[in-house]
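Taken together, the values in this text are just the output of simple stated rules run on the coordinates, not laboratory data. Values in this document were obtained by computation on a predicted structure and should not be read as measured data.
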Amino acid sequence: MAKKHLPTCLIFLVFLGFFSSSHVNAAAIKQEIPANAEFFNTKTRYQDADPFLRENILAINVSAVKPPAPACIPIHLTAIIRHGTRFPTAGNVEKIAILDKLVKSEAKGDLSYLPELKAWKNWYTQETAGHLTAAGRGDQIHLAKRLVKTFPTLLTKSNLLNKRVKFITSSVPRCINSTLAFQQGLKESLSIPGNLFRFSCRVHELKPVNDTLMRFFASCERLLVTVLNNKEAVVQVTLFEEGPEMSKVHQRLSDQLQIPYANITLGSVEAAYYLCAYEFSILGLVTPWCKLFDRAEAQVMDYAGDLGLYWKRGYGHEVNYMSSCVLFHNLFNRLETSINQFKSGQPVSEVVNVQVGHAETLIPLMTLLGLFKGKISLDANNFAENLHRPFNCSKNVPFAANLMAALWSCPDGFRLQFRVNENPVALPGLSYSPLYEEVKKLYADLLQGCNEEEVCRMSN
Ligand SMILES: *[C@@H]1O[C@H](CO)[C@@H](O)[C@H](O)[C@H]1NC(C)=O
Ligand SMILES: *[C@@H]1O[C@H](CO)[C@@H](O)[C@H](O)[C@H]1NC(C)=O
Ligand SMILES: *[C@@H]1O[C@H](CO)[C@@H](O)[C@H](O)[C@H]1NC(C)=O
Ligand SMILES: *[C@@H]1O[C@H](CO)[C@@H](O)[C@H](O)[C@H]1NC(C)=O
Ligand SMILES: *[C@@H]1O[C@H](CO)[C@@H](O)[C@H](O)[C@H]1NC(C)=O
C-alpha cells in the first residue's frame with residue numbers, strides 16, 4: 001500500500017513545486033474579475049471573500065492578526081480548513097452537460113455573445129469530478145505560507161521536524177491532496193529539505209485520516225434521516241425555488257436564450273450560474289457565462305445556496321450543528337491539554353493542529369459556536385429582509401475557508417482568539433480575544449454534554 005503510493009506522491013510534489021514558483025510572476029498581473037465574484041457561495045475564491053488578498057496572495061493584514069496584547073505569547077493553534085478549489089462534483093458535471101447540450105441545440109435569438117456560449121467547449125468530466133485543482137493546491141500553499149508569517153513561533157522548522165505540528169484529514173482525496181499541498185507550503189516557507197517530506201509522504205505520517213472527526217456528518221444517522229433525506233426538513237429551499245425571486249431569474253434566462261421556460265430546469269439555471277464561478281476559480285477565466293446573470297440575480301442565486309446550507313448544515317435544525325460535538329470536544333480537549341502542559345512547564349505536545357475537511361465540516365461547527373447567527377431565520381419568503389445577513393457562505397465558506405482557534409498566554413491569563421478566514425470573529429456576547437475561562441463559561445453546557453452518540457442515535 002505504502003509502496004504503491006510513492007510514485008504518485010513524488011510526481012505530485014514535483015508539480016507542486018512548479019506551480020508555486022511559477023505563481024510569483026502571475027501574481028503581478030492584474031486579473032479581470034467577474035462582477036458577481038463575491039456571490040458564488042461555496043464556489044467563491046478565497047481571495048474574493050477577502051479582497052485584501054487579490055493584489056498579493058501572501059499579504060498579511062497586520063491589524064487582523066494582532067495578539068490580544070503585546071505581552072502575550074501564542075502557545076497553540078488549531079486550524080480547521082476546507083479543501084481548496086475543486087472541480088464540480090459528479091452531480092454538477094451532469095448538470096453542466098445537460099445545460100451545454102440545451103444551449104447548443106436550442107438557444108437562439110440575438111444575444112450578442114450567444115455564439116460564444118455555443119462555441120464553449122465543455123471540458124468537465126466525471127473522471128475529475130470533485131478533485132482538487134491546481135488552483136486549489138495553490139490555495140493551500142498560500143494559506144500555509146501566510147500562517148507561517150502570522151504564527152512564526154508556532155509554525156517553526158523545529159516544531160515540524162519534532163512532530164509538534166499534527167495533521168488530520170478527511171479521507172476524501174481532495175482533502176488528502178489539500179493536506180499535502182498545505183504541507184508543501186510549510187516546507188517551502190521553512191526551507192525544509194525535500195527528503196523529509198518524501199519520507200513523510202511514503203509512510204502517510206503527516207496525513208492521518210479521521211472521518212469520525214472531519215466527516216462526522218456522514219455517520220450521523222439522525223441527521224441523515226431527519227434532515228438530509230427528508231424533503232420536509234428543507235421545504236424552504238423548494239418554496240424559494242418555486243417562489244417569485246427565483247422564477248424571475250429563471251424567466252430572464254429563458255428570455256435571453258430564447259429557450260422555453262419549461263425546457264430550462266432549475267439544475268440548468270444553477271449550472272449556468274456556477275459555470276462562471278468554476279471557469280473563474282479553476283482557470284482564472286471570465287467566460288461569457290458570467291454575462292447571463294446581473295448582480296440582483298446573483299444575490300438570488302447566492303441566497304438559494306445559503307438557504308440550503310442553513311437548513312441542511314446550519315441553524316435550521318439542531319441536529320445539523322450538534323452533530324459536530326465530536327469536533328468541538330476534540331478542540332477543547334486539545335486546548336485543555338496544551339494549557340496543562342504549558343502550566344507545568346512541559347513542552348506543548350501539539351503546538352499546531354491542522355484539520356482538513358469540508359464546508360459541511362465547518363458550517364456546523366461555526367453554528368455550534370454561535371457564529372454568523374442573524375436576528376431572523378432564512379426562509380423562502382424573507383429574501384429581502386435577509387439581503388445583508390451574517391449567514392453569508394460566500395464570505396465565510398469559500399474554497400480553503402478556515403476556522404482557527406489561537407491560544408495565548410497573557411499576563412492576566414490564557415486568552416483564546418477565533419478567526420474565520422484569518423479575520424477576527426467575536427463569540428456571542430464576548431469581545432474578540434476573551435479570557436479562556438470566559439469562553440469555557442459561555443460553552444459550559446456544551447462542554448459538559450454535547451454527546452454526538454446521543455445526538456445522532458435515532459432511538460431517542
Ligand atoms: C484588516 O483587519 C482589520 C481588523 O480585522 C479590519 O478592520 C480591516 O478592514 C482589514 N483591512 C483590510 C484592508 O481588509
Ligand atoms: C491528488 O493528486 C494526485 C497527484 O497530483 C492526482 O493524481 C490526483 O488526481 C489528485 N486527486 C484528487 C482527488 O485531487
Ligand atoms: C478519530 O478522532 C476521534 C475523536 O477525537 C478519536 O476518538 C478516534 O480515536 C480517532 N480515530 C483515529 C483512527 O485516529
Ligand atoms: C421542451 O419542452 C416541451 C414541453 O414539455 C417538450 O415537448 C420538448 O421535448 C422539450 N424540448 C427539449 C429540447 O427538451
Ligand atoms: C457577503 O459578503 C460579501 C463580501 O465577501 C458581500 O459582498 C456580500 O454583500 C455579503 N452578502 C450578504 C448576503 O450579506
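What is the helix-to-structure angle for 266-283, meaning the angle in degrees between its Cα long axis and the longest Cα principal axis of the chain, kept from 0 to 90 and rounded to the nearest 10?
Taking the Cα atoms of the chain, the angle to 266-283 is about 50 degrees.
Could you compute Rg(Cα) / (2.2 N^0.38 Å) for the range 37-196, with N its residue count?
Numbers: Rg = 20.5 Å, N = 160, 2.2 N^0.38 = 15.1 Å.
Compactness ratio reported: 1.35.
Quick query: amide H of Ile168 versus all other amide H atoms, modeled in the peptide plane; which residues come in under 5 Å with a sequence gap of 5 or more or a different chain?
Those lying under 5 Å, H to H, from Ile168 are Val354, Gln355, Val356.
Inverting the mean 1/r over all pairs of different Cα atoms, compute the Kirkwood radius of the range 298-435 and quote it in Å.
16.4 Å
Just how many % of Cα pairs in the range 104-243 lie over 21 Å apart, if you round to the nearest whole percent? Kindly include the intermediate steps, with their values, before the conclusion.
Numbers: 6192 of 9730 pairs.
Here the tail beyond 21 Å accounts for 64 percent of pairs.
Taking N as the number of residues in the chain, what is its Cα Rg relative to 2.2 N^0.38 Å?
Computed over Cα atoms of the chain, the ratio equals 1.00.
Nearest 10 degrees, 0 to 90: what angle lies between the long axis of helix 173-189 and the longest principal axis of the chain (Cα atoms)?
For 173-189 against the chain, the angle is about 50 degrees.
Just the number: Rg to Rh for the range 379-424, Cα atoms, Kirkwood Rh, two decimals.
On the way: Rg = 15.9 Å, Rh = 13.1 Å.
So for the range 379-424, dividing Rg by the Kirkwood Rh gives 1.21.
Using only Cα atoms and rounding to the nearest 10 degrees, what angle (0 to 90) does helix 194-203 make with the longest principal axis of the chain?
Long axis of 194-203 versus the principal axis of the chain: about 80 degrees.
Taking Rh as the Kirkwood radius computed over C-alpha pairs, what is the Stokes-Einstein D of the range 91-160 at 25 °C in a medium of viscosity 0.890 mPa s, expressed in µm² per second?
Rounded to a whole number, D works out at 153 µm²/s.
Report, to two decimal places, the Cα Rg of the range 140-181 normalised by 2.2 N^0.38 Å (N = number of residues). Let's see the in-between values first.
Numbers: Rg = 11.3 Å, N = 42, 2.2 N^0.38 = 9.1 Å.
In units of the 2.2 N^0.38 Å rule of thumb, it is 1.25.
Restricting to bridges with both residues inside the chain, how much of the DSSP beta-bridge set is antiparallel, in percent to the nearest 5?
On the way: 21 of 33 bridges.
About 65 percent, rounded to the nearest 5.
For the range 350-366, what does the Karplus curve 6.51 cos²θ - 1.76 cosθ + 1.60, with θ = phi - 60°, yield as ³J(HN,Hα) per residue in whole Hz, taken in order and with x for Gly and Pro?
10, 5, 9, 10, 10, 10, 10, x, 10, 4, 6, 7, 6, 4, x, 5, 4
According to the Cα gyration tensor, what semi-axes, each the square root of 5 times an eigenvalue, does the equivalent ellipsoid of the range 267-379 have, listed from largest to smallest in whole Å?
The answer is 38, 20, 10 Å, longest axis first.
Would you kindly give the portion of the calculated P(r) for the range 28-125 that falls above 18 Å, as a percent of all Cα pairs?
On the way: 3315 of 4753 pairs.
Result for the distance tail: 70 percent.
Any idea what Rg and Dmax come out to for the range 248-289 if you just take the C-alpha atoms, in Å?
Considering the range 248-289 through its Cα atoms, Rg and Dmax are 11.4, 33 Å.
Distance between Cα centroids, the range 131-161 to the range 366-380: provide it in whole Å.
If we compute the Cα centre of each part, the gap is 30 Å.
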